[in-house]
Amino acid sequence: MSILKRPLVTEKVSSLNEKGKYGFIVDAAANKVEIKKAVEKMYGVNVERVNTTNVLGKFKSRFTKAGVLSGRKPSYKKAIVTLASGEVIDFYSNV
């Protein structure tokens, strides 16, 4: 089971990167200790703290010839990881 699914690359999280905070989409069953160990192992950095939140999927509906289709986008768990001062993660090194 992979704990880190993908990094969050949004405007809000990109502004937090300057403060040493990075966002990740993580497995819904993962806890803060597992997330901390996974980030430290994958990126070789020291993690000071981990904040998590469960994001509920948005309700979506659209009108079609067949009628109204409605449902939800998938829910996910988000983690904001604070690194030790002076450490950075470069997501764009492999691009």
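Bear in mind that the values in this text are calculations on the coordinates, not laboratory data. This one's a predicted model, so the numbers in the text were calculated from it and none came from an experiment. A quick note on method: Cβ atoms are made from the backbone with ideal geometry, for glycine too, and the neighbour counts reach across all protein chains shown.
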If we only count strands (runs of 3 or more DSSP E) wholly inside the chain, which ones have 1 or more residues that are at negative phi, in contact with a strand residue (DSSP E or B) (Cβ under 8 Å, 6 or more places away or on another chain) and acidic (D, E)?
47-55
Is it the case that region 49-68 has a residue that's in contact with a Leu (Cβ under 7 Å, 6 or more places away or on another chain), in contact (Cβ under 8 Å) with a residue 24 or more places away in the chain and β-branched (V, I, T)?
no
In region 1-31, residue surrounded by the fewest Cβ atoms within 10 Å (Cβ to Cβ) [restricted to those that are under 20 Å from L56 (Cβ atoms) and charged (D, E, K, R)]:
K12
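Taking the options V13, V55, V50, name whichever one is farther than 19 Å from F91 by Cβ, β-branched (V, I, T) and within 15 Å of the chain's Cα centre (by Cα).
One residue alone meets the criteria, V55.
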